[in-house]
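Student: Structure incoming, see below.
What follows is calculated from the coordinates using simple rules that are stated; it is not laboratory data. For clarity, every value in this text was computed on a predicted model and none was experimentally measured. Note: ideal-geometry Cβ built from the backbone for every residue, glycine included; neighbour counts use all protein chains shown.
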Amino acid sequence: MDMEYIEVKDLKRKYKMGKDIVVGALQGVSFTLKEGSFTSIVGSSGSGKSTLLNILGGLDWEYTGGIYIEGKNIKEYEPNYYRRYIVGTVFQQFYLIPSLTVEENILLPIKFQGKRERDINERLEYLLKKVGLEDRRKHLPKELSGGQAQRVAIARALIDSPKIVLADEPTGNLDSKTGESILNLLEELNESEDITILLVTHDMQVAKYTPEVITLVDGKNV
Ligand SMILES: Nc1ncnc2c1ncn2[C@@H]1O[C@H](COP(=O)(O)OP(=O)(O)OP(=O)(O)O)[C@@H](O)[C@H]1O
Ligand SMILES: [Mg+2]
């Protein structure tokens with residue numbers, strides 16, 4: 001059977017604010033993505049982009065409709081497993097731990113997994129090289145530029161080798177040249193690692209980087 005890699009079916013998400021106010025943040029979003037695709041989700045502020053990405057990232061399960069990855073409903077996964085091995089997520093604000101070094105931040109998700117030291121070190125070296133931070137491994141987040149901080153966040157998202165990377169405004173806090181270097185890195189990961197990437201942006205210049213674009217208007221894709 002010819003199956004889509006990711007299938008999002010009639011996704012709806014309402015936020016209830018007290019008794020009377022309901023915000024229909026997603027009102028029936030449906031799309032499919034191919035394995036190894038590179039897609040941006042665009043739309044104006046409040047159109048539901050972050051709501052959609054949070055659901056895809058396994059951070060919000062209060063939706064109706066379905067998400068299927070290789071035919072499997074993501075609700076069948078244990079949430080921590082899903083967030084670790086299936087998707088990796090990157091945010092506009094980086095969310096690095098200020099007291100930890102670059103390499104400690106990257107390794108944080110696997111700290112208590114009991115993996116073999118040699119495997120951990122191999123993966124760390126590989127990722128540091130991939131994101132171009134071999135010479136910054138002992139730096140603290142405050143000693144990094146914005147672009148370097150986002151590179152750390154990307155390496156951290158990749159530590160458990162997820163096949164899908166989600167990024168919410170990954171260049172939103174960066175100047176355009178630094179933003180471009182982050183987009184180039186994502187493009188490189190998409191091509192060389194065959195990682196399926198979905199990024200959210202309100203910036204059409206960013207969306208031009210991706211072969212596929214999904215547009216949200218008022219919680220629906222058009
Ligand atoms: N936790 C929440 N509680 C209630 N309403 C929410 C919540 N999060 C988002 N909303 C509402 O849902 C709608 C979609 O919000 P969302 O954050 O997904 O938009 P967005 O497209 O990411 O916008 P932006 O480009 O500004 O980041 C908005 O109307 C917002 O006010
Ligand atoms: Mg948002």
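Student: About its Cα centre, what dipole magnitude does the chain give when the only charges are +1 on Lys and Arg Cβ and -1 on Asp and Glu Cβ, stated in debye to the nearest 20?
Tutor: My answer is approximately 660 debye.
Student: Let me ask something else about it. Enumerate the helices in the chain for which the Kyte-Doolittle hydropathy averages -1.0 or more and the C-alpha atoms extend at least 20 Å along the helix's axis, using complete DSSP H runs.
Tutor: The answer, listed by residue number, is 176-192.
Student: Among T32, Y68, G147, flag the residue with its Cα farthest along the positive direction of the charge dipole of region 6-221, charges on Cβ as +1 for Lys/Arg and -1 for Asp/Glu.
Tutor: Positive-end residue among those listed: Y68.
Student: Also, I was wondering about something else. Can you give me the Kirkwood hydrodynamic radius for region 6-221, using every pair of distinct Cα atoms, in Å to one decimal?
Tutor: 17.9 Å
Student: Would you list, by chain and number, the aspartates and glutamates whose Cα falls below 17 Å from the Cα of K34, excluding same-chain residues fewer than 8 positions away?
Tutor: Hits, sequence-local ones excluded: D2, E4, E7, E70, E187, E191, E193, D194, E212.
Student: Follow-up question, since we're still on this one. Using 1/(1 + (r/R0)^6) with R0 = 45 angstrom and r between the beta carbons of S45 and E122, what's the FRET efficiency to the nearest 0.05? Mind showing how you got there, number by number?
Tutor: Details: r = 42 Å, r/R0 = 0.93.
Calculated value: 0.60.
Student: Turning to a different aspect of this structure: Return the FRET efficiency for the residue pair S192, L59: r is the Cβ-Cβ distance, R0 is 41 Å, and the value is rounded to the nearest 0.05.
Tutor: Rounded to the nearest 0.05, the efficiency is 0.90.
Student: While we're here: Could you compute the FRET efficiency for E143 and E78, with r as their C-beta to C-beta distance and R0 at 35 Å, rounded to 0.05?
Tutor: 0.45
Student: Going by average Cβ neighbours within 10 Å, how do the peptides 115-125, 27-37, 199-209 rank, with the highest at the top?
Tutor: Numbers: 115-125: 12.4, 27-37: 16.1, 199-209: 18.1.
So the peptides 115-125, 27-37, 199-209, ranked by packing, come out 199-209, 27-37, 115-125.
Student: Using a simple spin-label model with points 7 Å from Cα along the Cα→Cβ vector, what separation in nm is obtained for Y15 and K177?
Tutor: Once both label points are built, they end up 3.7 nm from each other.
Student: Taking K142 as the anchor, which lysines have their alpha carbon closer than 27 Å to its alpha carbon, excluding any fewer than eight residues away along the same chain?
Tutor: Excluding near neighbours in sequence, the set is K111, K129, K130, K177.
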